[in-house]
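Peer 1: First, the structure itself, so that you have it in front of you.
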Amino acid sequence: MAAALADAARIAMDEMLACGLDQIAGGEVFAPDFVHTVPPRLTGVTAERTRDMSRGQQGVARYVVTGPLGAPRGLGHSRAFIRERAIEPRLDKVAIPTGYTIGLSFPRSELTDTVLDQLTQLVRAEIAEAVAAGATDVQLDAPSEAIACIEGTAEVAHLADLIAAPFDSVAGPAVRRSVHFCLGDIARKPSTQVQNLRALLPLLQALDGRIDRALVECSYSGQWDDRALLADVPDSIEIVAGIGDVKSPPASRDHYRRQIDQLLAVVPAQRLLVSTSCGCGRVPHDDAIRLNLELVRAAHGAGG
């Protein structure tokens, strides 16, 4: 199994390098179903309903807490980073879901302060292991926080604290603290129909000085219409605008170039990067290659 995962990661990273991406990832080949691979690794939980990928949004597993939470095998992300960095030294980034996002497989009533603290501790340990192995960019994936903020189901200050807490042990210039905010992606469909940036802005502002980079989905029309609000993101935070929509066929480089030029009118070039709106794990292979190629070529031709 380890050899197969290494081979798959090598292919994924080679394709990213061939596309000309400035920063690569390991392909997350060990976790093809994103966060849904985490709860089965936990102790102290019992599955009431197992994951059914064929049912999309309706097939999310449901777990209940039956005791103290633990992860004797880890969450899988740091081990994958260690395995993948051994075959590609240019890999410097690890992506890990937040505790709150891991909790999307739990009924809301189960996400008590105690449970969230235990999940945060598990994420913090995962970060520490990856950083010790050479990770210099730690990305927390926080779709659940973004959705809760946008829909108003949780307090902004509480969400900001949950996001920042796992970074406590890596504060400082040696490690970039990145956070990815999207609207979820299960079966290439969002987890909310409220699709804008204005409702997310308070959370980004509450993270001033607590994170270094925000990867923000910008592919829905409501989000794109709100792009001017990116000027109100604190100067301490770099912005990665996710303009490459992973839920639709790739656009042309001219389309992306026009978008980048419009973003440069809002965000200084030294604080702006572009990316896909979310991961490409559910994108047809050839579409994923074309999407990344067009983004790279557009970025090289923009602003000039």
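What follows is calculated from the coordinates using simple rules that are stated; it is not laboratory data. As the structure is a computational prediction, the values presented were derived from the model and not from experiment. Here the Cβ is made from the backbone with ideal geometry for all residues, glycine too, and neighbour counts use every protein chain on show.
Peer 1: Beyond 35 Å, what share of the Cα-Cα pairs of the chain remains, rounded to the nearest whole percent?
Peer 2: 13
Peer 1: If you take the charge dipole of the chain about its Cα centre, with +1 on Lys and Arg Cβ and -1 on Asp and Glu Cβ, which of 288, 200, 140 is farthest toward its positive end?
Peer 2: Among 288, 200, 140, the one farthest towards the positive end of the dipole of the chain is 288.
Peer 1: I would also like to ask the following. Using alpha-carbon pairs under 8 Å, 6+ residues apart, how would you state the relative contact order of the chain in percent?
Peer 2: Working: 530 pairs, mean separation 41.0, N = 304.
Once divided by the residue count of the chain, the mean separation gives 13 percent.
Peer 1: Quick one: net charge around residue 166, please, counting Lys, Arg +1 and Asp, Glu -1 for every other residue with C-beta under 13 Å from its C-beta. The partial results should precede the final answer.
Peer 2: Working: positive: 124, 177, 210; negative: 117, 126, 129, 141, 145, 161, 168.
Summing Lys and Arg as +1 and Asp and Glu as -1 gives -4.
Peer 1: Please state the relative contact order of the range 187-275 as a whole percent: Cα pairs under 8 Å, 6+ residues apart?
Peer 2: Working: 107 pairs, mean separation 27.5, N = 89.
Here the relative contact order equals 31 percent.
Peer 1: How large is the convex hull of the Cα atoms of the range 207-298 per residue, expressed in Å³ as a whole number? Walk me through the intermediate numbers first.
Peer 2: Working: hull volume 8.6 nm³, N = 92.
It is 94 Å³ per residue.
Peer 1: Would you please give the residues with an amide H less than 5 Å from that of residue 267, counting only those at least 5 places away or on a separate chain, with H modeled from the backbone geometry?
Peer 2: Long-range HN contacts for residue 267: none found.
Peer 1: Let me ask something else. Dipole of the chain, Cα-centred, from +1 at each Lys and Arg C-beta and -1 at each Asp and Glu C-beta, to the nearest 20 debye?
Peer 2: Computed about the Cα centre, the dipole is about 500 debye.
Peer 1: Relative contact order for the range 1-104 using alpha-carbon pairs under 8 Å, separation at least 6, rounded to a whole percent?
Peer 2: RCO, the range 1-104: 30 percent.
Peer 1: Here's a follow-up. Rounded to the nearest 20 debye, what is the charge dipole size of the range 154-304 about its Cα centre when +1 sits on each Lys and Arg Cβ and -1 on each Asp and Glu Cβ? Don't jump to the answer; show the numbers that get you there.
Peer 2: On the way: 16 positive and 18 negative charges, 82 e Å.
Charge dipole, the range 154-304, about its Cα centre: 400 debye, nearest 20.
Peer 1: Mind giving me the FRET efficiency for residue 271 and residue 66? R0 is 45 Å, r the Cβ-Cβ distance, nearest 0.05 is fine.
Peer 2: 0.50
Peer 1: Please report the base-10 log of the normalised intensity I(q)/I(0) for the range 142-304, using a Debye sum with one equal scatterer per alpha carbon and no solvent, at each q in 0.13 (1/Å).
Peer 2: -0.60
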